[in-house]
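To keep things clear, I will list the structure first and then write my remarks on it.
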Amino acid sequence: MPVFLLGDDIAFPPAELANRDGVVAVGGDFRPERLLLAYRSGIFPWPVEGMPLLWFSPDPRFVLDLREVHLHRSLRKTLRRSPYRVTADTAFDDVLAGCADTPRPGQTGTWITDELFEGYSRLHRLGYAHSVEAWRGDELVGGLYGVALGRAFFGESMFAHATDASKVAFATLCANLRAWGFHFVDCQVHTEHLERFGAKEIPRRAFLRRLLEALEAPTRSGKWELTLDPEAASRAWAARDDEPR
């Protein structure tokens, strides 16, 4: 399969034309219009050091169905203790910086370039990109960010500087998304961390079909600061004792 070179026009080839590594196109930029079209098309950017900007649509796709989320018992216990205050869209740039600066096993750098940072920050100001933050007192100790379109949430990255901080933020996000009628969280590619929440690999064609259905609904745009329920995860899962440790 050829890999398409993007120009100034805001356009992408069909996601089904990705090569065996999932690369659909190279080049382009992080303008909000291009990012939004990419997500609507089942494509996402993933900068790789020393290479032009790469756009991916992997097969299979790693997806968390919000009807199938489960939390292990230890995390439910953490939720009952409420060690962190959880908010949304109050510190987007700080969450982005936390994701960029936090060391990760097997990685020597970050894919969150200055251009990516500015692009998603603009997308946040337009009401499409969102962050969920975990606080210990006044200290930001974990969080995540992603993009919401229709009834789909596209997860991008998370970080934690305290035990279970990002997990608490993610569990809170999932509980709210489910209550708001969202269908799934796009986790993009497999990680053991998100597999523990119930994410599964599905064929790309199945993901694109589900994406089309999710995009039929209006987008919950604007800041989620006042609408996020910080106790939603505790009510939904913390009292359950039927899931594995």
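Throughout, read-outs are computed from the coordinates displayed, never taken from laboratory work. This is a predicted model, so every value here is computed, not measured. With ideal geometry, Cβ positions are generated from the backbone for all residues, glycine too; neighbour counts draw on all protein chains shown.
Efficiency by 1/(1 + (r/R0)^6): what FRET value for V26 and E231, r their Cβ-Cβ distance, R0 = 35 Å, to the nearest 0.05? Result of the calculation: an efficiency of 0.20. With Cα atoms as the point set, segment 133-245 shows a radius of gyration and Dmax of 14.6, 45 Å. Across segment 174-190, rounded Karplus estimates of 3J(HN,Hα) from the backbone phi angles (6.51 cos²θ - 1.76 cosθ + 1.60, θ = phi - 60°) give 4, 4, 5, 4, 4, 5, 7, x, 5, 8, 7, 10, 7, 9, 6, 10, 4 Hz, Gly and Pro being marked x. Given their separation in residues at 0.36 nm each and the Cα-Cα distance between them, R136 and E118 gain 3.8 nm when the chain is fully extended.
Treating the Cα atoms of segment 27-169 as identical point scatterers in vacuum, please give the log10 of the normalised Debye intensity I(q)/I(0) at q = 0.21 Å⁻¹, two decimals. For segment 27-169, the Cα-only Debye profile gives -1.44. Taking 0.36 nm per residue of separation and subtracting the Cα-Cα distance, full extension of the segment from W46 to H190 would add 50.4 nm. Residues whose amide H falls under 5 Å from that of E156, counting only those 5 or more places apart or on a different chain, are Y145, G146, V147, with hydrogens built in the peptide plane. Helix 114-125 and the longest principal axis of the Cα set of the chain meet at an angle near 60°.
Helix 204-214 sits at what angle to the longest principal axis of the chain, using alpha carbons and giving 0 to 90 degrees rounded to 10? The two axes meet at around 70 degrees. Within the straight-line cut-off of under 28 Å between alpha carbons, the lysines reachable from K77 are K167, K200, sequence neighbours fewer than 8 places apart in one chain being disregarded.
For the chain, the 222 nm mean residue ellipticity estimated from helices alone, with every DSSP H stretch of n ≥ 4 adding -39500 (n - 2.57) and the total spread over all residues, rounds to -8500 deg cm²/dmol. To the nearest ten degrees, helix 92-101 and the longest principal axis of the Cα atoms of the chain are 80 degrees apart.
Over the chain, Cα pairs under 8 Å with separation of 6+ residues give a relative contact order of 26 percent.
DSSP beta bridges fully contained in segment 139-245 are about 75 percent antiparallel.
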